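Working notes, structure below.
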Amino acid sequence: MIQARFKPVTNQSDWATSIQFNDKATGTPIDITGGDVPLSFLLALQLVGERNAPALTGSTATGELTLPSLGILQIFFPAARVQALAPGSYDVGLTVTNGLNTAQILLGRLPIVDGIV
């Protein structure tokens, strides 16, 4: 499992970032599409201390998460969705499933700061 700290984002802007998955031994990108059995990724944010209350969710099924190239998971939430987030620190969780098995692959922290405009 990956532990991540994301760069701060204001609640008046898009949140766009990417995660690269590489083989530890070779450093080459890993195929995260799943091949014949497609993988689905789900990301959720919740304000630190607010258990089981996701403030923002996205997935490959709904389009916020995409796989633009080998080993790359792109995350994109437009400003209209990020504006709903109160300033503070958010726990980020990312899971992947093949429809039968689910694994937590990332836990992290995303600071949201109050935007001016």
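Using only Cα atoms, locate the centre of segment 1-64 and the centre of segment 98-117, then give the distance between them in Å, rounded to an integer.
About 6 Å separates the Cα centre of segment 1-64 from the one of segment 98-117.
Quick one: net charge of Ile30's neighbours, Cβ under 11 Å, K/R +1, D/E -1?
In short, -1.
When only alpha-carbon atoms count, how far does the chain stretch along each of its three principal axes, as whole angstroms with the largest first?
44, 26, 25
Using helices alone, I'd like the mean residue ellipticity at 222 nm for the chain: each DSSP H run of four-plus residues gives -39500 (n - 2.57), total over residue count, nearest 500.
-500 deg cm²/dmol
Values quoted throughout were computed directly from the atomic coordinates according to the rules given, and no laboratory measurement underlies them. Only a predicted model underlies this, so the values are computations on that prediction, with no experimental measurement involved. Here the Cβ is made from the backbone with ideal geometry for all residues, glycine too, and neighbour counts use every protein chain on show.
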